[in-house]
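Trainee: Would you mind keeping the following structure in view while I ask a few things?
Only the coordinates and a few stated rules stand behind these numbers; no lab work does. Everything numeric in this text was worked out from a predicted model, so none of it was measured. Methodologically, a virtual Cβ is constructed for each residue, glycine included, from the backbone with ideal geometry; neighbour enumeration extends over all protein chains shown.
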Amino acid sequence: MAELATIARPYAEALFKASSSDLAGAGAWLEKVAAIASNPELQQFADNPKATPEQVLGVIAGAHGSSLPPAANNFLTALLENGRFTALPEIAKQFRTLANAQSGSSDAVVYSAFPIDASALGTVAAALEKRFGRKLQVTVQQDPSLIGGIRVVVGDEVLDTSVKARLEQMKVALAAA
């Protein structure tokens, strides 16, 4: 994976510099297009030497549901012509990291055993921002294996208050006794 990250870095940095006047807009279309580009069938189609960049862009625009901004078309064309389309999800990840660094925020993933409603998520997000000392872009993923509670991942920091983690702690304590 280090190779993919190395390939993606200059593209993410170039897009970040080029879209400095509208980071939110560029981030929005980049996230959507990266999600579309992660489809293995689309990647296989894009890697086909008989498929032109225009054909691949047509498929992406169709999946996107609307026409892409000119900057998106230019960026995707450059990726396709240089054979770097498979790096698009990693480019989006690195772009988001650069944008977060500029705004002083971080991505946070909250894993929960059960769905979290919007008001509870707002309360949790406020507490997490206070705990981690920065603005967080919170996303929620459901993980039934946690049994209860939440597990929060912010960069390389993990806050685990799940029932599963507490059971593991008890197991270690009992085994040590």
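Trainee: For ASP160, enumerate residues with amide H under 5 Å from its amide H, sequence gap 5+ or separate chain, H modeled in the peptide plane.
Mentor: Distant-sequence amide H within range of ASP160: VAL152.
Trainee: Expressed as a fraction of 2.2 N^0.38 Å, the rule-of-thumb size for a compact globular protein of N residues, what is the C-alpha radius of gyration of segment 124-177?
Mentor: Scaled against compact globular proteins, the figure is 1.34.
Trainee: Further question: Hey, which lysines would be in cross-link range of LYS93, C-alpha to C-alpha under 26 Å, not counting anything within fewer than 8 residues on its own chain?
Mentor: LYS17, LYS32, LYS130, LYS135
Trainee: How much length would be gained if the chain were fully extended between THR139 and LEU121, taking 0.36 nm per residue of separation minus their Cα-Cα distance, in nm to one decimal?
Mentor: Here the segment from THR139 to LEU121 would lengthen by 5.5 nm.
Trainee: Ok, one more. If you average the sequence gap of Cα pairs under 8 Å that are 6 or more apart and divide by the length of the chain, what percent do you get for the contact order? Could you put the intermediate results ahead of the total?
Mentor: Values: 187 pairs, mean separation 36.5, N = 177.
Once normalised by length, the contact order is 21 percent.
Trainee: State to the nearest 20 debye the size of the charge dipole of the chain about its Cα centre, where the only charges are +1 on K and R beta carbons and -1 on D and E beta carbons.
Mentor: 420 debye
Trainee: To continue, here is another question. Of (1) 178; (2) 162; (3) 127, which is the value of volume of the Cα convex hull per residue in Å³ derived from the coordinates here?
Mentor: Computing volume of the Cα convex hull per residue in Å³ and matching it to (1) 178; (2) 162; (3) 127 gives (2).
Trainee: Then there is this: So how many Å³ per residue does the convex hull of the Cα atoms of segment 1-92 work out to?
Mentor: So the per-residue Cα hull volume is 87 Å³.
Trainee: Over segment 40-137, what is the mean sequence separation of C-alpha contacts under 8 Å (at least six apart), divided by residue count, expressed as relative contact order in percent?
Mentor: It rounds to 22 percent for segment 40-137.
Trainee: R0 = 22 Å: FRET efficiency of ALA63 with ALA5, Cβ-based, nearest 0.05?
Mentor: 0.30
Trainee: I would also like to ask the following. How much FRET efficiency would the formula 1/(1 + (r/R0)^6) give for GLN44 and ASP22, where r is the Cβ-Cβ distance and R0 is 22 Å, rounded to 0.05?
Mentor: Once the sixth-power term is evaluated, E becomes 0.10.
Trainee: Quick one: length gained pulling ARG131 to ALA165 fully straight, 0.36 nm per residue minus the C-alpha distance? Walk me through the intermediate numbers first.
Mentor: Details: separation 34, 0.36 × 34 = 12.24 nm, distance 1.93 nm.
Full extension of this stretch gives 10.3 nm more.
Trainee: Another question, then. Straight-line reach from LYS50: which aspartates and glutamates have Cα under 16 Å away, leaving out those fewer than 8 places along the same chain?
Mentor: The reachable aspartates and glutamates, counting only those whose Cα sits under 16 Å from LYS50, are GLU41, GLU81.
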